[in-house]
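Accompanying notes for the structure given below.
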Amino acid sequence: MIRVSVHPTAEEACAAAASEVIKGLRTKPELVLGLATGGTMRAFHAALARLHRSEGVSFARAMIFNLDDHVGVPADHPQSFRRFMRETLFDLVDVDPERCFMPDGMANNLEAAAAAYDRQISAAGGIDLQILGIGRNAHIAYNEPGSTHESRTQVVALAPQTIKLAARAFAPAAPPRRGLTMGIGTILEARRIILIASGTDKKQAVARALAAPPRTSCPASALQRHRDVLFCLDSAAAFGVDRRTTGGPTASV
Ligand code: PGA
């Protein structure tokens with residue numbers, strides 16, 4: 001079941017999601033937390049770091065599994081996801097770097113690295129709380145339209161729209177064309193999922209994700225199969241959500 005909470009601004013949607021993570025850490029300091037990258041996550045990570053300081057809640061015993069990596073982008077590249085996580089979150093909170101994981105898009109054998117990542121998640125006892133963004137084409141992590149909803153961590157070809165969006169950040173170099181990503185099936189195994197979306201350019205993807213039935217053309221619609229999903233939206237991203245179905249600012253779909 002997907003519950004939807006709508007907030008006036010992106011900052012408030014991110015703060016609501018961050019406070020769920022802090023609650024999770026308070027209940028279980030060794031929380032296994034799935035995190036994401038992307039523009040939306042900047043405000044979310046800032047909110048997490050703020051709450052970490054103001055509430056005095058520690059990440060030291062938590063384990064962190066990131067959703068995905070670009071293939072062929074080294075860790076020290078300005079656009080690398082490892083660097084993004086360091087700069088937007090890990091340097092601002094007390095995570096133990098030994099307990100932070102990301103699929104290795106620089107591995108010589110990407111298929112082996114993908115299988116190893118699924119095994120690492122299982123060995124950690126599975127993900128307690130997974131944070132997701134959503135692409136304009138409704139991708140979750142780098143599972144593009146057409147991905148099966150049962151997929152495991154895998155190497156994927158990025159959609160033309162995804163490559164185009166990344167091109168500006170990577171210019172003048174060519175943007176990556178492949179990703180190494182947790183599969184949709186892997187994501188659905190998380191015990192709880194919170195998807196954060198803000199801005200008008202996400203409203204269509206959000207509305208499609210909520211429209212039954214789940215379809216492989218809309219990766220985020222797979223979340224309808226999960227029993228505990230919360231969408232934290234700002235009002236712009238929630239614009240296409242059918243309020244007759246959701247019935248108010250916090251409602252179930
Ligand atoms: P964005 O990316 O936050 O940069 O829009 C989200 C995503 O593609 O999952």
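The values are calculated or read from the model by the stated rules, or taken from the named source; none is laboratory data. Quantities reported herein were computed from a predicted structural model and do not represent experimental measurements. Glycine also receives a Cβ, built like all others from the backbone with ideal geometry; neighbour counts cover every protein chain displayed. Note: accessible area is taken over every heavy atom of the protein model, side chains too, but ligands, DNA and RNA are not part of it. Shrake-Rupley method; radii C 1.70, N 1.55, O 1.52, S 1.80 Å.
Does P74 fit the bill of being farther than 18 Å from R192 by Cβ, at pLDDT 95 or above and either open to solvent by less than 10 Å² (accessible area, probe 1.4 Å) or not β-branched (V, I, T) (or both)? Please lay out each step first, then the result.
Working: farther than 18 Å from R192 by Cβ: yes; at pLDDT 95 or above: yes; either open to solvent by less than 10 Å² (accessible area, probe 1.4 Å) or not β-branched (V, I, T) (or both): yes.
Considered against the rule, which asks whether it is farther than 18 Å from R192 by Cβ, at pLDDT 95 or above and either open to solvent by less than 10 Å² (accessible area, probe 1.4 Å) or not β-branched (V, I, T) (or both), P74 comes out as yes.
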Total residues in segment 195-236, condition in contact with a Gly (Cβ under 8 Å, 6 or more places away or on another chain) and in a strand (DSSP E or B): 4
task: Please find, among A116, A107, A138, A124, the residue that is open to solvent by less than 40 Å² (accessible area, probe 1.4 Å), among the small types (G, A, S) and within 11 Å of the ligand (Cβ to nearest atom).
output: A138
field: Residue ID - most open to solvent (accessible area, probe 1.4 Å), chosen from residues in segment 155-196 that are charged (D, E, K, R) and either within 14 Å of the ligand (Cβ to nearest atom) or in contact with a Ser or Thr (Cβ under 8 Å, 6 or more places away or on another chain) (or both)
entry: R168
query: Which condition number in (1) within 16 Å of the ligand (Cβ to nearest atom); (2) touching a Ser or Thr at 6+ places or on another chain (Cβ under 8 Å) is the one that R152 fails?
result: (1)
- request: Inspect all residues belonging to segment 81-99 and state whether any of them is within 16 Å of L158 (Cα to Cα) and modelled with pLDDT of 95 or more.
  value: yes
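A quick yes/no check of all residues on (1) more than 28 Å from K203 (Cα to Cα); (2) open to solvent by 10 Å² or more (accessible area, probe 1.4 Å); (3) of a type in the set (D, E):
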{"position": "T9", "(1), (2), (3)": "no, yes, no"}
{"position": "A16", "(1), (2), (3)": "no, yes, no"}
{"position": "V21", "(1), (2), (3)": "no, no, no"}
{"position": "L25", "(1), (2), (3)": "yes, no, no"}
{"position": "M41", "(1), (2), (3)": "no, no, no"}
{"position": "E55", "(1), (2), (3)": "yes, yes, yes"}
{"position": "F65", "(1), (2), (3)": "no, no, no"}
{"position": "F101", "(1), (2), (3)": "yes, yes, no"}
query: Got a sec? Which helices (runs of 4 or more DSSP H) wholly within segment 106-194 have at least 1 residues that are basic (K, R)?
result: 110-123, 160-170
